[in-house]
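Written out below as structure tokens is the structure these notes cover.
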Amino acid sequence: MKKKLYKDESTAKVSGVLSGIAQYFSVDVNIVRIIYVLLCLFVIRIIPGAIIYFVLSYIMPDKKDIGYDDYEVH
């Protein structure tokens, strides 16, 4: 099965972009969030970082739209 990059709103803080990236790379979402904040503060600055985030939020498909569902185990 091919990996797909998507937003995951079930574990999201804002729109699920970083949560989807964390799942794609099989990394803890908090690590991805910390790396993103550090990149925004020290490398790409805050305004461009926010623009990048919202562009990704607009172009990345939602997890439910591409056929992935969260299943509950009883």
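Nothing in this text is a laboratory measurement; each read-out follows from the coordinates by a stated rule. The structure presented is a predicted model; accordingly, all values stated were derived computationally and were not measured. All Cβ positions, even for glycine, are placed from backbone atoms using ideal geometry, and neighbour counts span all protein chains on display.
Where does the charge balance sit around L18 when Lys and Arg score +1, Asp and Glu -1, over other residues with C-beta under 14 Å from its C-beta?
That works out to +1.
Could you give each residue of the range 19-31 its phi-based ³J(HN,Hα) in whole Hz, using Karplus coefficients 6.51, -1.76, 1.60 with θ = phi - 60°, and x for Gly or Pro?
3J(HN,Hα) across the range 19-31, in whole Hz: 5, x, 5, 4, 5, 4, 8, 6, 10, 4, 4, 5, 5.
Hey, any idea what Rg/Rh is for the range 9-59, computing Rh the Kirkwood way over Cα pairs?
Ratio of gyration radius to Kirkwood radius: 0.96.
In sequence order, what are the phi-derived ³J(HN,Hα) couplings for the range 36-51 according to the Karplus relation 6.51 cos²θ - 1.76 cosθ + 1.60 with θ = phi - 60°, rounded to whole Hz, with x for glycine and proline?
Once θ is set to phi - 60°, the couplings for the range 36-51 become 5, 5, 4, 4, 5, 6, 10, 10, 9, 6, 6, 5, x, x, 5, 5 Hz.
Amide H to amide H under 5 Å from D62: which residues, 5+ apart in sequence or cross-chain, H placed 1.01 Å off N in plane?
Answer set, sorted by chain and number: K7.
Would you mind putting 16-26, 43-53 in packing order, based on average other-beta-carbon counts within 10 Å, highest first?
In descending order of packing, they fall as 16-26, 43-53.
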